[in-house]
Every structure is written in structure tokens, then in C-alpha cells.
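See structure below.
The values are calculated or read from the model by the stated rules, or taken from the named source; none is laboratory data. Here the structure is a predicted model, which is why all the values come from computation and not from measurement. Cβ: placed from backbone, ideal geometry, glycine included. Neighbour counts: every protein chain shown.
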Amino acid sequence: MTRGFFKHGLLLLLLFLSGCNKKDSAGSVTTPGTVDSTDKFPVISDDSLLTLVQKQTFKYFWDFGHPVSGLARERNTSGDVVTSGGSGFGIMTIPIAIERKFITKAHGLERMQKIVSFLKDRTQKFHGAFPHWINGATGNVVPFSEKDNGADLVETSYLIQGLLTARQYFSDTNPAETALRKDINAIWEGVEWDLFREGDENVLYWHWSPDFKWEMNHQIRGWNECLITYALAASSPTHAIPKTVYDKGWTNNATFLNGNSYYGLTLPLGEPSGGPLFFAHYSFLGLNPTDLTDQFTNYFAQNKAHALINYNYCKADPKDYGYSDRCWGLTASDIPNGYNANSPTNDKSVIAPTAALSSFPYTPAESMQALKYFYYQLGDQLWGEYGFHDSFSIKEQWVADSYLAIDQGPIIIMIENHRSGLPWKLFMSVPEVKSGMKKLGFNSPNLN
């Protein structure tokens, strides 16, 4: 799994006393371990709870943003190491925070100026693309692995997704916002997407190294979290790829089709049972899947089926891990002593709040049920300075001590897409994206 090799920091092993309730075969409620089912916090309205979660989680990017660059630290133990993709997610939270009045527009603009200036003038780039990890003080690449010490095209696409969203938001004609848009365009237009074909191959490659060139040899093929990479590569005003690279690379001549049924739900694309839920999140922070169709599927139907399969698997709890209809959500996250791309077919007993909460647009009732349980019943251990901790396991009686940028960001953004659609509206208003998506064969009222 593509995120399964993520570097992990120190985890705090905590005694998890508040187990998730689970129905036994007779329909009564059984509880693993000692359970305190009382509410840990005063009950507030659902709308207020959504705002609280967004506001608290935003602190990860705002209060904990790197003091020099303003970029998002990889995780809460990363020191100077910031992440390009996670920073893209963090950038997308700034318009939300302004509109929700967590910060002023002036402060949001100031932070964007710091970030964009650092990315444009101080950050080490490779053919215009960014490395996965960056030193937030110097701008130098921090190798993700020995040969992954240069460009990461997928992480770059998450960063560009965020920058273009911000470009559309800061649209006033005053000198400061005009200059910001100009600098964002310089970064966007500088990415040599077409170079990542490694010559004229009809597929994009994930990595390029100044020392090892293409030795990572990681082709980007679907179905996974990388649709946004092909969407932006096709949309570039300066280095666009032709449709044939999408057809033969991403869709791999339609080999990413699924069509099987799980829990009575037909899954159009992807691996058995859908894989980790971030597949339905990362590309769709900006790309609006509502009424988005092509020859293969309706993308909202794809993501909804994926989320509901994940939910139903957890509800059934076939391995007796303490999951339930309130305690669900498998995606890439920290696990005890490591990191794993959790899914129904790769289940390590670990629930990540970002999975259910970032699925709000697809499963509003099921996600709200999970949110209330995470906050009210488990919040004394799961809720912290930057929102919900990354993950937990009932079976292992364990709670992660970590927060990760790539998990915190989608919570804020996808809750907002559920509430107002603001991130979708902003990103889908990008003229280049409209043209690029139509070139690839997508149809949507949002592309007109």
C-alpha cells in the first residue's frame, strides 16, 4: 500500500478503558474490558460539534505550523521536518478557517504569503516538483528513503491542489492578493509533469532523484489516492500530459475496474473491499465527485460504496476487534509499533478517526454516529490539543500519541465539503482543471 511505508514517530501506549460497544448474536450489548459509557463532555448540537472538531483540528496547522516556513510538520514529533502533501492539505484549511471565523482573512493571507514565498524562493525543487519531506527552516530536501531524495510527484499534486484552492479564494484585486496569485502560478507552472513520463512512456512515475534518477521505478497506476496527480498533470498550462498517458497509465487500459459486490454494495473500481479509505479522500478534497462521471463510473457512487463497505465491515466486526456501527473507519494510520494501510483485507485492529470523519460527504449519518462516539464516549483519551489522536485499538488497549498532517487535514476539509462544499467550489472553479478534466473524458456540471 502506498502510504504503508510512512515513517512513524514515538507512540504512547495507553490503557484504553472505554471500549466500543458491540452487539452479540442475541442482540444485547456486550462490552470488552471496563466500560464507562457516560459522556465525557457536555452534549452540544451536531452543528456545534462539527465546528468544534474543525476548529480544534485546525490548530495542528495554525498553532503547530513551522515557525519559519508556515508549512505543516509531518507529525507532532517531527521537529523541522515538514511535509509537502500535508502542507497542501493545511493550505486548504485556511479558507475554511477564515469563513468559519477561526482566524481573520488578514491573518490567513499573511500565513499564505509566508508559505508561498518559502515554497517559491527557498524550497529545493526538482524539475519544479517538490520532495515528500522538506526542512521547514532551510527548504532543503529531507530524504524519505535513500533513493527517495528528490521529487515526489504525488505529494506535489496534493500541494498544488491546496495552492490552487487558495489562489481561487484570495481573488481580490488588491496588490497583496494579486502578488500571491502570481507567485502561486509561478509554482504551478513550474512543475514539469510531462517529464515524469520518463521519456515518452504512457504512464507517470512517482519519484525522480538527482542521484538515482528513475531507480525507484514506481509507476502511478489506479485505483488509489492518485487521481489528482493525473488530473493536474493533464491540466498544466505549461507541461500537460496527453490523454493517452491517463488511459494507458492511470486506468491501465481499464484494469482498475472491480464491479463485485460487498455487503450488498457494488464497488465499481479498485481492490477487493475498496482498500484503505484515504483513496476516497485525498484526491477528492478538491475534486468534487458529485455528478462526476466518465466511461467507468460515477465517482460519488464509487466513494460512497467504498465508505459504506468499510462501515459495514466494521459493523460486522468479523475478527472480534471491538468495532461497531459507532466505532468504524479503516485507513492508513499509526498502529502499535508501526504504520499500516488498514483496510478490510489488511486489518490490524486499529481504527483511525480520520477514516469515518473524512467520509462525511458520503456517509453523513454513519460518520456523525462515529463522531459522537469518538468525542462523547472516548474523548477523555482520544481528544486532545489538535483534535482526535491519530488512531486507537480496542483489542490492544492502545491509543496513538500522534497527530499526522495527512490525517488531520482531510477531517477539516471533508467536513466542510459536507457542510458547505467550499473546498469543492474553490478547486472546481480553477479554469485549467475544468479544461484538463474534460480532456480526460470526465463529465460534470461543475466542469462547465
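Does the stretch 347-359 hold any residues that are crowded, with 24+ Cβ neighbours inside 10 Å and in a loop (DSSP other than H, G, I, E, B), and which are they?
Step one: of the stretch 347-359, the residues crowded, with 24+ Cβ neighbours inside 10 Å are 350-359.
Of everything in the stretch 347-359, those that are crowded, with 24+ Cβ neighbours inside 10 Å and in a loop (DSSP other than H, G, I, E, B) turn out to be 350, 352, 358, 359.
Return only the number of the condition from (1) among the hydroxyl-bearing types (Ser, Thr, Tyr); (2) buried (at least 17 other Cβ atoms within 10 Å of the Cβ); (3) farther than 30 Å from residue 422 by Cβ that residue 138 does not satisfy.
Status for residue 138: all satisfied but (2).
Which one of the conditions (1) without any contact (Cβ under 8 Å) to a residue 12 or more places away in the chain; (2) part of a helix (DSSP H, G or I) does residue 318 fail to meet, given that it meets all the rest?
(2)
Failed condition for residue 165, given (1) assigned to a helix (DSSP H, G or I); (2) more than 19 Å from residue 235 (Cα to Cα); (3) touching a Phe, Trp or Tyr at 6+ places or on another chain (Cβ under 7 Å), with all others met?
(2)
Checking the structure you have, find out if any residue of the stretch 329-337 is under 24 Å from residue 304 (Cα atoms) and either β-branched (Val, Ile, Thr) or touching a Phe, Trp or Tyr at 6+ places or on another chain (Cβ under 6 Å) (or both). Talk me through it step by step, then tell me what you get.
Narrowing the stretch 329-337 to residues under 24 Å from residue 304 (Cα atoms): 329-333.
From the residues that got through so far, the ones that are either β-branched (Val, Ile, Thr) or touching a Phe, Trp or Tyr at 6+ places or on another chain (Cβ under 6 Å) (or both) too are 331-332.
Scanning the stretch 329-337 turns up at least one residue that is under 24 Å from residue 304 (Cα atoms) and either β-branched (Val, Ile, Thr) or touching a Phe, Trp or Tyr at 6+ places or on another chain (Cβ under 6 Å) (or both).
Quick check on residue 244: is it over 25 Å from residue 374 (Cβ atoms), in a loop (DSSP other than H, G, I, E, B) and either at pLDDT 95 or above or of a type in the set (S, T, N, Q) (or both)?
Numbers: over 25 Å from residue 374 (Cβ atoms): yes; in a loop (DSSP other than H, G, I, E, B): no; either at pLDDT 95 or above or of a type in the set (S, T, N, Q) (or both): yes.
No, not satisfied.
Give the residue that is nearest to residue 304 (Cα to Cα), with candidates limited to residues of the stretch 361-372 that are buried (at least 22 other Cβ atoms within 10 Å of the Cβ) and not polar (S, T, N, Q).
Among those that are buried (at least 22 other Cβ atoms within 10 Å of the Cβ) and not polar (S, T, N, Q), it is 362.
Of everything in the stretch 323-342, what is at pLDDT 95 or above and more than 17 Å from the chain's Cα centre (by Cα)? Give them in sequence order. Can you show your working first?
Applying the first criterion (at pLDDT 95 or above) to the stretch 323-342 yields 323-336, 338-342.
Selection gives 323, 324, 325, 326, 327, 328, 335, 336, 338.
Please verify whether the stretch 160-177 includes one or more residues that are under 21 Å from residue 341 (Cβ atoms) and of a type in the set (Phe, Trp, Tyr).
Checked the stretch 160-177: no residue is under 21 Å from residue 341 (Cβ atoms) and of a type in the set (Phe, Trp, Tyr).
Looking only at the stretch 255-268, decide whether some residue is within 23 Å of the chain's Cα centre (by Cα), among the aliphatic types (A, V, I, L, M) and surrounded by fewer than 22 Cβ atoms within 10 Å (Cβ to Cβ).
Yes, there is a match, as at least one residue in the stretch 255-268 is within 23 Å of the chain's Cα centre (by Cα), among the aliphatic types (A, V, I, L, M) and surrounded by fewer than 22 Cβ atoms within 10 Å (Cβ to Cβ).
Would you point out the residue of the stretch 141-192, among those that are farther than 30 Å from residue 211 by Cα, among the hydroxyl-bearing types (Ser, Thr, Tyr) and buried (at least 24 other Cβ atoms within 10 Å of the Cβ), that is farthest from the chain's Cα centre (by Cα)? Steps first, please.
We begin by selecting, within the stretch 141-192, every residue farther than 30 Å from residue 211 by Cα; these are 164-182.
Checking the rest, the ones that are also among the hydroxyl-bearing types (Ser, Thr, Tyr) come to 165, 169, 171, 173, 178.
From the residues that got through so far, the ones that are buried (at least 24 other Cβ atoms within 10 Å of the Cβ) too are 165, 169.
Values: 165: 15, 169: 20 Å.
Ranking the candidates gives 169 first.
Can you confirm whether residue 138 is hydroxyl-bearing (Ser, Thr, Tyr), over 21 Å from the mean Cα position of the chain (by Cα) and farther than 15 Å from residue 187 by Cα?
The answer is yes for residue 138.
Search the stretch 390-448 for residues being of a type in the set (Ser, Thr, Tyr) and surrounded by 17 or more Cβ atoms within 10 Å (Cβ to Cβ), and hand back the single one that is farthest from residue 307 (Cα to Cα).
Restricting to residues being of a type in the set (Ser, Thr, Tyr) and surrounded by 17 or more Cβ atoms within 10 Å (Cβ to Cβ), the top hit is 402.
Collect the residues in the stretch 391-438 that are basic (Lys, Arg) and assigned to a helix (DSSP H, G or I), keeping them in residue-number order.
Within the stretch 391-438, the first condition is being basic (Lys, Arg), and the residues that meet it are 395, 419, 425, 434, 438.
Once the filter is applied, which keeps residues that are basic (Lys, Arg) and assigned to a helix (DSSP H, G or I), the stretch 391-438 yields 419, 425, 434, 438.
Residue 224 passes all but one of (1) under 30 Å from residue 108 (Cβ atoms); (2) surrounded by 14 or more Cβ atoms within 10 Å (Cβ to Cβ); (3) within 26 Å of the chain's Cα centre (by Cα); which number fails?
All conditions are met except number (1).
For every residue, the table says whether it meets (1) crowded, with 21+ Cβ neighbours inside 10 Å; (2) in contact (Cβ under 8 Å) with a residue 40 or more places away in the chain; (3) in contact with a Cys (Cβ under 8 Å, 6 or more places away or on another chain).
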{"residue": "220", "(1), (2), (3)": "yes, yes, yes"}
{"residue": "233", "(1), (2), (3)": "yes, yes, no"}
{"residue": "241", "(1), (2), (3)": "yes, yes, no"}
{"residue": "244", "(1), (2), (3)": "no, yes, no"}
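Could you check the stretch 70-87 and list, in sequence order, the residues that are buried (at least 24 other Cβ atoms within 10 Å of the Cβ) and either among the acidic types (Asp, Glu) or not in a loop (DSSP other than H, G, I, E, B) (or both)? Can you show your working first?
First, pick out the residues of the stretch 70-87 that are buried (at least 24 other Cβ atoms within 10 Å of the Cβ): 70-75, 82-87.
Passing the criteria: 73, 74, 75, 82, 83, 84, 85, 86, 87.
Return the residue satisfying two criteria in turn: it lies in the stretch 100-137 and is among the aliphatic types (A, V, I, L, M) and part of a helix (DSSP H, G or I), and of such residues it is farthest from residue 182 (Cα to Cα). Walk me through how you get there before you give the answer.
Just the residues of the stretch 100-137 that are among the aliphatic types (A, V, I, L, M), to begin with: 103, 106, 109, 112, 115-116, 119, 129, 134, 137.
Now restrict to residues that are part of a helix (DSSP H, G or I): 106, 109, 112, 115-116, 119.
Numbers: 106: 18, 109: 14, 112: 13, 115: 14, 116: 10, 119: 13 Å.
Looking at the filtered set, the residue picked out is 106.
Of everything in the stretch 205-218 that's out of contact with any Gly (no Cβ under 6 Å at 6 or more places or on another chain) and in a loop (DSSP other than H, G, I, E, B), which residue is surrounded by the fewest Cβ atoms within 10 Å (Cβ to Cβ)? If you could, list the steps in order and put the result at the bottom.
Kept after step one, since they are out of contact with any Gly (no Cβ under 6 Å at 6 or more places or on another chain), are these residues of the stretch 205-218: 205-207, 211-218.
After this cut, where a residue has to be in a loop (DSSP other than H, G, I, E, B) as well, the list is 206, 211-212, 214-218.
Details: 206: 21, 211: 10, 212: 15, 214: 16, 215: 13, 216: 19, 217: 12, 218: 17.
Selected residue: 211.
Taking only pairs six or more apart or across chains, which ones have beta-carbon atoms under 6 Å, a first residue in the stretch 51-70 that is in contact (Cβ under 8 Å) with a residue 24 or more places away in the chain, and a second residue that is of a type in the set (S, T, N, Q) and buried (at least 18 other Cβ atoms within 10 Å of the Cβ)?
From residues that are in contact (Cβ under 8 Å) with a residue 24 or more places away in the chain, the pairs are 57/408; 58/93; 60/408; 61/93.
For the stretch 389-424, which residues satisfy the criterion of being out of contact with any helix residue (DSSP H, G or I) (no Cβ under 6 Å at 6 or more places or on another chain) and small (Gly, Ala, Ser)?
Once the filter is applied, which keeps residues that are out of contact with any helix residue (DSSP H, G or I) (no Cβ under 6 Å at 6 or more places or on another chain) and small (Gly, Ala, Ser), the stretch 389-424 yields 391, 393, 400, 402, 420, 421.
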